[in-house]
Amino acid sequence: MERVAAEDRGSRALRDFDKKIVTARQQIDDFYKKRLPAQDSAILREMGKLAAQSGVKIGQIRSKTKDTESVGLRPVEIDADFSAAIFN
């Protein structure tokens, strides 16, 4: 009886699998569009905005895009100097 229940759970997981794949791809595309910038310069602009809002000054900021074999994503290395006045 347990074996039959386990097989039933397994077959339920595979139902509408093709629809689940389409939904997952749409969710991944939406994540990339909403959460990851299309251009590397957008990262630096956002850092500048956040620094200005919080009273932090950016001394130098450098970015370097690294080559990768993965499709769709590129790692970006960012090196920055920050300073801020601290009040007690």
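Throughout, read-outs are computed from the coordinates displayed, never taken from laboratory work. Here the structure is a predicted model, which is why all the values come from computation and not from measurement. Positions of Cβ are backbone-derived with ideal geometry, glycine not excepted, and every protein chain shown enters the neighbour counts.
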Between Ser63 and Lys33, how many nm apart are label points set 7 Å from Cα along the C-beta direction? 2.1 nm
Using a Gaussian network for the chain with springs between C-alpha atoms less than 10 Å apart, which of these wobbles most: Lys33, Lys64, Lys19? Lys19
State the Kirkwood hydrodynamic radius of region 39-88 in Å, one decimal place, computed from all pairs of distinct Cα atoms. 12.5 Å
Going through Lys34/Lys64; Lys33/Lys57; Lys19/Lys49; Lys33/Lys66 one by one, the pairs whose alpha carbons sit over 31 Å apart turn out to be Lys19/Lys49
Amide H of Phe82: which non-local residues (sequence gap of 5 or more, or other chain) have their own amide H closer than 5 Å, using H built in the peptide plane? Gly59
State the Kirkwood hydrodynamic radius of the chain in Å, one decimal place, computed from all pairs of distinct Cα atoms. 17.6 Å
With runs of 4+ DSSP H residues as the only contributors, calculate the mean residue ellipticity of the chain at 222 nm using -39,500 (n - 2.57) per run, divided by the residue total and rounded to the nearest 500. -17500 deg cm²/dmol
